[in-house]
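> This is the structure I have questions about; it appears just below.
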Amino acid sequence: MYMYVMKMDWNWVKQTFHNRWRGTGGWSGYKRCSAWDQPRSSLRGSHYFVKMSKTSQIQEPLSELEKAMDVIIDVFHQYSRREGDRDTLTKKELKLLIEKQLVNYLKHVKNKATIDEIMKDLDINKDAQISFCEVMLLIVRVTIATHEHLHDVEDQQQQHKHQHQHHH
Amino acid sequence: MSASTQSTATLPETQQFPGNCTLEMALKTIVDVYHRYSIREGQLDLLNFNDFRTLLTEQAPTFLQACGRNKREYLRKLFEETDLNKDSELTFEEFTIVLAKLTDDSFLSHLMEGEGGHQLQQMHSPAGAVG
């Protein structure tokens, strides 16, 4: 199954994010804040944040999906703030994140890419730093692999059950 | 079950995937949430438009409320854009496009909150662009 991940058309993923991300409402709706278009410093001045902060003042319990996304963001920050820019990962920070947080995923990957290769793959704008947008490529890859794996496990369990029934 | 030969300082190491690491558990949660909605209608592993709309309404209300995204046309457009092979169903891979948007939105709002109150005041100008 993990061969699937390596065979996956990674260019498709990158392209898809570049193109789709700029699509509906989410990005074209407020023209000033596309993380892909602008240098980071200008993000802080956009109107987008005024709206978001007003919304986030509503005290509602977070949904499971929101909690999971918060975890992803927290984990990213735990490593990004260690060196240099607090919101991007250096190669060293990326290595630490992968080795500590994706240890089980890595164990199952057959053709392990080195950290160098992963870094090169993720660093789209070639600034030797991995921004949150860029690390999401890796997160998505692992999430898709997780999904595939859980289906494989389920299929194996079904087959197992089937065999047991035949024995009786 | 094989015994682990190495030990990490902070987390118990497991041989299974997804494991006990915080990040991997969060990703497993995302997969579980996806399935909870994909099984409701039609094919068990695919999200049709209704599943998709219910998922976002229940699981990502903040995302939808921000900048007027909770209009039906937005969701319809988002679905069509995400449905790459145009079969009116979203596979998990297609869904991850939306997931990435959600997470990045969330990240940007965290960035904002992290700056503190004084930045908010500076930004208070008529937000005419969106609505």
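> Taking the criterion of being modelled with pLDDT under 90, within 15 Å of residue B:22 (Cβ to Cβ) and either open to solvent by less than 30 Å² (accessible area, probe 1.4 Å) or in contact with a helix residue (DSSP H, G or I) (Cβ under 7 Å, 6 or more places away or on another chain) (or both), would at least one residue in the range A:105-119 satisfy it?
yes
> Output the residues belonging to the range B:24-73 that are over 16 Å from residue A:62 (Cα atoms) and among the aliphatic types (A, V, I, L, M).
Scanning the range B:24-73 gives B:25, B:27, B:31, B:39, B:44, B:46, B:47.
> Could you tell me whether residue A:123 is surrounded by fewer than 16 Cβ atoms within 10 Å (Cβ to Cβ), at negative phi and of a type in the set (Asp, Glu)?
no
> Determine whether residue B:63 is in contact (Cβ under 8 Å) with a residue 40 or more places away in the chain, under 14 Å from the mean Cα position of the chain (by Cα) and crowded, with 17+ Cβ neighbours inside 10 Å.
yes
> Follow-up question, since we're still on this one. From B:23, B:84, grab the single residue that is within 16 Å of the chain's Cα centre (by Cα), modelled with pLDDT of 90 or more and closer than 23 Å to residue A:151 by Cα.
B:23
For every residue, the table says whether it meets (1) more than 26 Å from residue B:108 (Cβ to Cβ); (2) β-branched (Val, Ile, Thr).
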{"residue": "A:79", "(1), (2)": "no, no"}
{"residue": "A:86", "(1), (2)": "no, no"}
{"residue": "A:91", "(1), (2)": "no, no"}
{"residue": "A:107", "(1), (2)": "yes, no"}
{"residue": "A:113", "(1), (2)": "yes, no"}
{"residue": "A:128", "(1), (2)": "no, no"}
{"residue": "A:140", "(1), (2)": "no, yes"}
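> Across the range A:132-149, which residue is surrounded by the fewest Cβ atoms within 10 Å (Cβ to Cβ) among those that are over 14 Å from residue B:97 (Cβ atoms) and touching a Leu at 6+ places or on another chain (Cβ under 8 Å)?
A:138
> In the list A:56, A:80, which residue meets the criterion of being over 18 Å from residue A:145 (Cα atoms), surrounded by fewer than 19 Cβ atoms within 10 Å (Cβ to Cβ) and either within 9 Å of chain B (Cβ to nearest Cβ) or at pLDDT below 95 (or both)?
From the options A:56, A:80, the qualifying one is A:56.
> I've got another one for you. Looking at the range B:24-44, which of its residues are of a type in the set (D, E, K, R), closer than 29 Å to residue A:107 by Cα and more than 7 Å from chain A (Cβ to nearest Cβ)?
Scanning the range B:24-44 gives B:32, B:36.
> Scan the range B:26-46 and report the pairs whose first residue is in contact (Cβ under 8 Å) with a residue 40 or more places away in the chain and whose second residue is open to solvent by 70 Å² or more (accessible area, probe 1.4 Å) and among the β-branched types (Val, Ile, Thr), with Cβ atoms within less than 9 Å and a gap of 6+ or a chain change.
Final answer for the pair search is B:45/B:39.
> Separate question: Could you tell me whether residue B:125 is open to solvent by less than 20 Å² (accessible area, probe 1.4 Å), modelled with pLDDT under 90 and not basic (Lys, Arg)?
Criteria not met by residue B:125.
The values are calculated or read from the model by the stated rules, or taken from the named source; none is laboratory data. It should be emphasised that the depicted structure is a prediction, and the values quoted were computed from it without experimental measurement. Note that we place each Cβ from the backbone using ideal geometry, even for glycine, and neighbour counts take in every protein chain shown. Please note that ligands, DNA and RNA were not included when accessible areas were found on the heavy atoms of the full protein model with its side chains. Shrake-Rupley method; radii C 1.70, N 1.55, O 1.52, S 1.80 Å.
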